[in-house]
Amino acid sequence: MRTRNSLIRLALTATVTGVLAVGAPAVALAAATGPAAVSAGSATSAETSVEPSQNQWKQLNKIADTHSALGVADSGTVLRLAAGTSAAEKTKVQSLLPSDTVTTVRTSQFSKGALDKIQKTVTSRAWSSDADKYGVATSYDAKTDKVTVLTDAPASVTKSLRSAYPGAVDVQQARLEPQTGRFADAQPFWGGAALIGTLGTQAFKCTAGFAVRQRATGHLYMTTAGHCFSNLTHVYSRRENDSFGNWVGQVTRRDRNIDTELLSGNTAHPYDGFMFTGGTASSRSSMFVHGTEAPEHGRRVCVSGSVSFNHCGHPISNTRYSICYSGGSDCIRDGKGFLYDRGGTNWPRYDNGKVTKGGDSGAPIYTTDDTESGAWIVGGHSGVTWLAGGPCHCSTEYMVGVNIEAIRQDLGVEVVTR
């Protein structure tokens, strides 16, 4: 039995517009890769008691500006003066501090010129030949007296930066993107994101499914439909204007008997157990993936495509479906697919719900709990079947999915959950 609960998710977003103003508070987007080393003269535990009031902050900021301080710690516990500041100047600044704050005055290892140079070097991304493939943001942390570097670049890329500034930079893994959404995805990539790749001169649009982990090796992949891209195709995040965004991965595994293929990234953590669920192009809604659930007759599911977007209430009408599409050899064989209907609100037919569109292939099909924060993957979207005839001489549309159990067993993978 699956557990229905609600979890708190961290918003992993930031602005990546170059060097932040000296003294601007750092924004921690994700847990640091390791505990930050605190240099000599850093804040003590006694300095973490009470954060300054708004009026005290105004006073601290005015003092910092007047005396050319490098910054004030987020907690207000440390005001950091530039290296080379005289003892007399330090004493004078200390005497100006609000009497009811716990702020102490300390001297930095950096001069203002040295600090600016490091931040400009970091955001130039010239410290590695691969650095410009990744996002980066910087700020100065007055408490630790280090330059905080937020990036989605792997350790192999940031190694040269750490070596160039030992003890001066604190490199942290973060998800950086100008706008959270399926059309602006960045590493680690999420399910439901818009994808684009080329075959010759023609571009093809599809949708990311969900992150999976190879049982034998632990390697991470992102699923999509097997008919989307040919083997070894480089796949990118698709922007709303259909232009190419960030590199998502390369097709390295295909199973044309279950219309599923896997994208492989080039870092240790290219994909994560979240997915976009917005009902419009501009929506930032998302869910974490909490588990899997087998398709059962009558179960109502949701699908989150990059063209028709997120829609729900689709009842599963056939749990053992096989199909081979025309114009190619991509199939779902041996009853490893399922059909899910339009659903709707027009009693008694209930057939006025939304239908997936071209470009939704690969999208996650899922159910959710009452909190609508966690998703259980039921399968990956494959296509649409039109059934003509009947008393109305009209066509009925059924959406086709690949059973999650077939994906798990045939590809030897497990869905990445949070």
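Only the coordinates and a few stated rules stand behind these numbers; no lab work does. What you see is a predicted model, and the numbers here were worked out from it, not measured in a lab. Positions of Cβ are backbone-derived with ideal geometry, glycine not excepted, and every protein chain shown enters the neighbour counts.
Once the other residues with Cβ under 14 Å from the Cβ of Ala126 are scored (Lys, Arg +1; Asp, Glu -1), what is the net sum? Don't jump to the answer; show the numbers that get you there.
Values: positive: Lys117, Lys120, Arg125, Lys133; negative: Asp130, Asp132.
Spelling it out: positives minus negatives among the neighbours equals +2.
Distance check, please: which entries in Lys62/Lys117; Lys112/Lys133; Lys62/Lys159; Lys117/Lys205 exceed 31 angstrom between their Cα atoms? Pairs exceeding the cut-off: Lys62/Lys159; Lys117/Lys205. Dividing the radius of gyration of the alpha carbons in segment 98-137 by their Kirkwood radius gives 1.26 for Rg/Rh. Normalising by residue count, segment 239-389 has a Cα convex hull of 155 Å³ per residue. Charge tally around Val169: other residues with Cβ under 9 Å, Lys/Arg +1 each, Asp/Glu -1 each, net +1. I'd like to know how segment 189-274 sits against the 2.2 N^0.38 Å rule of thumb: what's its Cα Rg over that expected value? Computed over Cα atoms of segment 189-274, the ratio equals 1.00.
Over segment 169-322, Cα pairs under 8 Å with separation of 6+ residues give a relative contact order of 21 percent. With a simple spin-label model that places each label point 7 Å from the Cα along the Cα-to-Cβ direction, the separation between Lys159 and Ser99 comes to 5.7 nm. Please compute the contact order of segment 285-415 in relative form: average sequence separation of alpha-carbon pairs under 8 Å and at least six residues apart, divided by the residue count, as a percent. Result for segment 285-415 is 26 percent. Taking amide H positions as modeled 1.01 Å from N, with prolines and chain starts lacking one, the residues under 5 Å from Tyr321 and 5 or more places away or on another chain are Lys336, Gly337, Phe338. Using every pair of separate Cα atoms, the Kirkwood estimate puts the hydrodynamic radius of segment 45-173 at 15.8 angstrom.
Placing dummy labels 7 Å off each Cα toward the beta-carbon, the span from Leu232 to Asn55 is 7.1 nm.
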